[in-house]
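Encoded as structure tokens, the structure appears first; notes follow it.
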Amino acid sequence: AYENSARAVAGEVTDPYLAGLIAGTSGIATYLVGDVTQALALLGEGEKHLRQVPGASWELDSIKLFTLFVMRCIGDFAAVRRRYDRYAVEAEQCGDLYLASTMRRAWSWTCRSGPSRPATASRTRSW
């Protein structure tokens, strides 16, 4: 419902940033009202679009964090761990201290020992 309203206001969306924001924020809103299955689909669509946009790291980080929240609500902790590891490696590779430190502090308990060893080099230099 949220996505449809946003798309109606925006019209035909061809810009990947706008498409990513619409899908991502709709996914967050859908998660907050409890429809985790639809939220996961919308967040995935938002992530796909925002990966095409240089400089959209904060927006993409928000989608990544909410994707982990949704996956936790679904109860698929193996998928949470795989996604956590992938996001941690990506954060390390691009020097994204916000995502790396937020994930480590918010998710390491869920993912037991934290990210795989290659993704942990930033521990000593992060926030």
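Remarks
- Here the calculated FRET efficiency for LEU18 and ARG86, from their Cβ-Cβ distance with R0 = 22 Å, stands at 0.30, rounded to the nearest 0.05.
- Inter-site label distance for ALA29 and ALA78 at 7 Å from Cα along Cβ, in nm: 3.5
Rule-based calculations on the coordinates, nothing more; no lab input. Keep in mind the model is a prediction, meaning the values are calculated, not measured. Ideal geometry is used to build each Cβ from the backbone, glycine not excepted, and the neighbour counts take in all protein chains shown.
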